[in-house]
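The values are calculated or read from the model by the stated rules, or taken from the named source; none is laboratory data. As the structure is a computational prediction, the values presented were derived from the model and not from experiment. With ideal geometry, Cβ positions are generated from the backbone for all residues, glycine too; neighbour counts draw on all protein chains shown. For accessibility, only protein heavy atoms count, side chains too; no ligands or nucleic acids. Shrake-Rupley method; radii C 1.70, N 1.55, O 1.52, S 1.80 Å.
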Amino acid sequence: MNTVEVADKKFELLIENDNINKRTRLIGIQMNVDYENRCPVFIGVLNGSFLFMADLLKEIEIPCEVGFIRVSSYKGTASTGTVRETFGLPDTLKDRDVILVEDIVDTGFTLKYILEKVHLQQPASVRVCTLLYKPDAIQTQIDELEYVGFEIPNEFVVGYGLDYNGLGRNLKDIYKAIP
Ligand code: IMP
């Protein structure tokens, strides 16, 4: 399928599932090397990261823990969001190696906010893994950004976890909006 309709909008194919899987496998291989003899805590940022988390974790062969966090919407405001809920995280991240997993880094504000909260718990290290990154949209420097699946143009995308008005998360491939 080269185009899809989600709600009132048309989208065209940007990244096929096969390519997502190939890239994810490479990131996983790199992490297995980088975190050898450690036991990192993977934290997926909900909702968008759920498919990427699942596929990435299948490539991880070292011991690890897995949890999720959810932040409230911040969009359209300059104010910070709040970490609303956490699921399955250890009681503390102190002295742990944390890997935050995001679906997409756009302006970077969400991530910046989450990173502040994580650093408060004094982890041993924090790195970010994002499937998608829009270099032209970023508005804040994220030093922890270590693993990037794909750099994409500054256009709205949907599929593979990412939504448009709550819809489209279940699409296997990633699509970009047709203007
Ligand atoms: P940021 O705080 O601007 O970096 O935005 C991060 C969040 O905004 C992501 O976790 C997504 O939930 C959402 N987002 C940003 N760009 C897109 C997009 O192109 N499609 C779908 N969601 C997006």
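A few points about this structure:
Here's the yes/no breakdown for (1) under 22 Å from residue 165 (Cβ atoms); (2) of a type outside the set (A, V, I, L, M, F, W, C):
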{"residue": "5", "(1), (2)": "yes, yes"}
{"residue": "11", "(1), (2)": "yes, no"}
{"residue": "19", "(1), (2)": "no, yes"}
{"residue": "23", "(1), (2)": "no, yes"}
{"residue": "27", "(1), (2)": "no, no"}
{"residue": "32", "(1), (2)": "no, yes"}
{"residue": "46", "(1), (2)": "yes, no"}
{"residue": "51", "(1), (2)": "yes, no"}
{"residue": "57", "(1), (2)": "no, no"}
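- Every residue from segment 127-141 that is open to solvent by 20 Å² or more (accessible area, probe 1.4 Å) and either of a type in the set (A, V, I, L, M, F, W, C) or assigned to a strand (DSSP E or B) (or both): 127, 133, 138
- Test for residue 6: is it under 19 Å from residue 149 (Cα atoms), aliphatic (A, V, I, L, M) and modelled with pLDDT of 95 or more: no
- In the set (1) more than 17 Å from residue 145 (Cα to Cα); (2) aliphatic (A, V, I, L, M); (3) in a strand (DSSP E or B), the condition left unmet by residue 33 is number (3).
- Taking the numbered list (1) in a strand (DSSP E or B); (2) away from the ligand (no atom under 16 Å from the Cβ) in turn, residue 26 passes all entries but (1).
- Test set (1) of a type outside the set (S, T, N, Q); (2) within 13 Å of the ligand (Cβ to nearest atom); (3) under 18 Å from residue 68 (Cα atoms) - residue 119 fails condition number: (2)
- Any hit, segment 106-121, residues being part of a strand (DSSP E or B), open to solvent by 10 Å² or more (accessible area, probe 1.4 Å), modelled with pLDDT of 95 or more and closer than 26 Å to residue 87 by Cβ: no
- The residue of segment 133-153 that is farthest from the ligand (Cβ to nearest atom), among those that are in contact with a Gly (Cβ under 6 Å, 6 or more places away or on another chain) and not polar (S, T, N, Q), is 142.
- Residue 175 satisfies every condition listed in (1) within 13 Å of the ligand (Cβ to nearest atom); (2) over 14 Å from residue 101 (Cα atoms); (3) in a loop (DSSP other than H, G, I, E, B) except (3).
- Subset of segment 29-65 that is open to solvent by less than 30 Å² (accessible area, probe 1.4 Å) and touching a helix residue (DSSP H, G or I) at 6+ places or on another chain (Cβ under 6 Å) - its residue that is farthest from the ligand (Cβ to nearest atom): 62
- Scanning segment 1-60 for residues that are in contact (Cβ under 8 Å) with a residue 12 or more places away in the chain and of a type in the set (Val, Ile, Thr) yields 3, 4, 6, 15, 20, 24, 27, 29, 41, 43, 45, 60.
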